[in-house]
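To start, the structure itself, in structure tokens.
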Amino acid sequence: MSDQSAPDPTPVVNRSRVVLTIYLAVFVMAAVGMTIFGFKVVSDVKARAGESDAALRLVAWQILAYADQEGVFPSADSSALADAGSTETLQGALAADPDGAWPRDRAMAAGSVGMASDEVEAAKIVQVSWPPSADLPPVLGVGGRPSGLVPGGTTLELVNGWLRAARDQLERN
């Protein structure tokens, strides 16, 4: 009989612990990295939605102010639209708003989001589908960009609702 001793399991156990520790470290680093990446993506989307909302509110206010002054909606992109948008309050056909369906002044239109300060940049963000006639409101869109949430829906739905309600008021006058 030969005197053989059993192999020492210590190196195998130590190697298994090292491998397990490396796997756990990689998993934890990946989880932390994905969490940070997720928060960054959400932050970027919220920032883009804020830009979209400000641009939507500016263009909608310009259209409302134009319709208030002229009694009809603009039928095409014009410089008169930008001039009308500098108006601070509605004082013409849309001044009477018993239901509060659209903002009566520029500050209400801006809301808590504010308005875009650069009309050129706002025009790049907001896509306006111009109607064939001046008695129909234009439809605003943001071309797939995110739009922020407001009570009752999104800012996109809100501003298009303003324009539809203004159309109804203009039809009554």
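The values are calculated or read from the model by the stated rules, or taken from the named source; none is laboratory data. Here the structure is a predicted model, which means the values were calculated and not measured. Virtual Cβ from ideal backbone geometry, glycine too; neighbours counted across all protein chains shown. Note: accessible area is taken over every heavy atom of the protein model, side chains too, but ligands, DNA and RNA are not part of it. Shrake-Rupley method; radii C 1.70, N 1.55, O 1.52, S 1.80 Å.
With the simple spin-label model, which puts each label point 7 Å out from Cα in the Cβ direction, the Thr35 to Leu20 separation comes to 2.3 nm. Per-residue 3J(HN,Hα) values for the range 141-153, derived from phi via the Karplus relation 6.51 cos²θ - 1.76 cosθ + 1.60 with θ = phi - 60°, read x, 10, x, x, 5, x, 10, x, 8, 10, x, x, x Hz in sequence order (x marks Gly and Pro). Accessible surface calculations at 1.4 Å, restricted to protein heavy atoms, place the range 84-154 at 55 Å² per residue.
Rg and Dmax of the chain, both derived from C-alpha coordinates alone, stand at 29.3, 115 Å. Among the protein heavy atoms, those of Ile36 account for about 110 Å² of accessible surface (1.4 Å probe, every chain in place). Taking the 1.4 Å solvent-accessible surface of the chain as the whole, the part contributed by carbon and sulfur is 60%. Computed from the Cβ-Cβ distance with R0 of 30 Å, the FRET efficiency linking Val28 to Ala6 stands at 0.25. At q = 0.27, 0.35 Å⁻¹ the log10 of I(q)/I(0) for the range 1-41 amounts to -0.86, -1.03, computed by Debye summation with a single uniform scatterer per C-alpha, solvent ignored.
Over the range 1-114, what is the relative contact order in whole percent, taking alpha-carbon pairs under 8 Å and six or more residues apart?
Relative contact order of the range 1-114: 21 percent.
The value obtained for the range 125-173, namely the Cα convex hull volume divided by the number of residues, is 70 Å³ per residue. 3J(HN,Hα) couplings calculated from phi for the range 119-129 with the Karplus curve 6.51 cos²θ - 1.76 cosθ + 1.60 (θ = phi - 60°) are, in sequence order, 5, 5, 5, 4, 5, 6, 7, 8, 9, 9, 8 Hz; Gly and Pro show x.
On the basis of the beta-carbon distance and an R0 of 45 Å, Ala96 and Val45 show a calculated FRET efficiency of 0.70. With 18 Å as the cut-off, how large is the P(r) tail for the range 53-118, expressed as percent of Cα-Cα pairs? That fraction is 29 percent.
For the range 48-92, GluC sites (Glu not before Pro) are listed when DSSP marks them as loop and at most 10 other Cβ atoms sit within 10 Å of their Cβ; the list is Glu88. For the modelled label position 7 Å from the Cα of Trp130 along Cα-to-Cβ, which residues of the range 36-75 have backbone nitrogen atoms closer than 11 Å? Residues 74-75 fall inside that zone. Converting phi to 3J(HN,Hα) with the Karplus coefficients 6.51, -1.76 and 1.60 and the offset θ = phi - 60°, the range 92-105 yields x, 4, 9, 5, 8, 10, x, 8, x, 6, 9, x, 8, 9 Hz in sequence order, with x at every glycine or proline.
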